[in-house]
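Below is one structure, written out as structure tokens; comments come after it.
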Amino acid sequence: GVDYIQRNAYLVENVIEWVNAQKTEAGSTEKNVVLGMSMGGLVARYALRHMEQRNVNHQTRLYISQDTPHQGAY
């Protein structure tokens, strides 16, 4: 909670890549569902977008954010 959003997003990217590797190993073709609550929504959004910018397939079909301050917080 006290670290940069970007640094947390890089960790989320690593987790997504790990999950995708496990799915590939198991022969699964299911797509991911990524859910972020509050600040986690920003972290997840940043991670998914950063992966897209680097042409990394995050294999995500649905991104959900709840109570996320996408336009800043008051």
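The values are calculated or read from the model by the stated rules, or taken from the named source; none is laboratory data. Being a predicted model, the structure only gives us computed values, none of them experimental. All Cβ positions, glycine included, derive from the backbone under ideal geometry; neighbour counts span all protein chains shown. Quick note on the areas: whole protein, heavy atoms, side chains included, nothing else; ligands and nucleic acids left out. Shrake-Rupley method; radii C 1.70, N 1.55, O 1.52, S 1.80 Å.
Out of all the residues in region 58-74, which are exposed (fewer than 10 other Cβ atoms within 10 Å of the Cβ) and touching a helix residue (DSSP H, G or I) at 6+ places or on another chain (Cβ under 8 Å)? Walk me through it before giving the result.
Initial filter on region 58-74 (exposed (fewer than 10 other Cβ atoms within 10 Å of the Cβ)): 62, 70-74.
Matches in region 58-74: H70 only.
Is there any pair linking a residue in region 45-74 that is more than 20 Å from K31 (Cβ to Cβ) to one that is assigned to a loop (DSSP other than H, G, I, E, B) and of a type outside the set (A, V, I, L, M, F, W, C), with Cβ under 7 Å and at least six apart or on different chains, and which?
Between residues of region 45-74 that are more than 20 Å from K31 (Cβ to Cβ) and residues that are assigned to a loop (DSSP other than H, G, I, E, B) and of a type outside the set (A, V, I, L, M, F, W, C), the close pairs are D67/S38; T68/S38.
Can you pull out every residue in region 17-74 that is of a type in the set (V, I, T) and outside any helix (DSSP H, G or I)?
Here is the first cut: in region 17-74, the ones of a type in the set (V, I, T) are 19, 24, 29, 33-34, 43, 56, 60, 64, 68.
Matches in region 17-74: T29, V33, V34, V56, T60, I64, T68.
Taking the options G1, G27, G36, G40, name whichever one is surrounded by fewer than 11 Cβ atoms within 10 Å (Cβ to Cβ) and either touching a strand residue (DSSP E or B) at 6+ places or on another chain (Cβ under 9 Å) or modelled with pLDDT of 95 or more (or both).
Values: G1 fails: either touching a strand residue (DSSP E or B) at 6+ places or on another chain (Cβ under 9 Å) or modelled with pLDDT of 95 or more (or both); G36 fails: surrounded by fewer than 11 Cβ atoms within 10 Å (Cβ to Cβ); G40 fails: surrounded by fewer than 11 Cβ atoms within 10 Å (Cβ to Cβ).
Result: G27 is the single residue among G1, G27, G36, G40 that is surrounded by fewer than 11 Cβ atoms within 10 Å (Cβ to Cβ) and either touching a strand residue (DSSP E or B) at 6+ places or on another chain (Cβ under 9 Å) or modelled with pLDDT of 95 or more (or both).
Being under 18 Å from S38 (Cβ atoms) and β-branched (V, I, T) is the filter here, so list the residues in region 50-68 that pass it. First the steps, then the outcome.
Initially, region 50-68 is screened for residues under 18 Å from S38 (Cβ atoms), giving 63-68.
Listed by number, the residues that qualify are I64, T68.
Any idea which of R54, R45, R7 is open to solvent by 100 Å² or more (accessible area, probe 1.4 Å), among the basic types (K, R) and in contact with a Ser or Thr (Cβ under 7 Å, 6 or more places away or on another chain)?
Values: R54 fails: in contact with a Ser or Thr (Cβ under 7 Å, 6 or more places away or on another chain); R7 fails: in contact with a Ser or Thr (Cβ under 7 Å, 6 or more places away or on another chain).
Testing whether each residue is open to solvent by 100 Å² or more (accessible area, probe 1.4 Å), among the basic types (K, R) and in contact with a Ser or Thr (Cβ under 7 Å, 6 or more places away or on another chain) leaves just R45.
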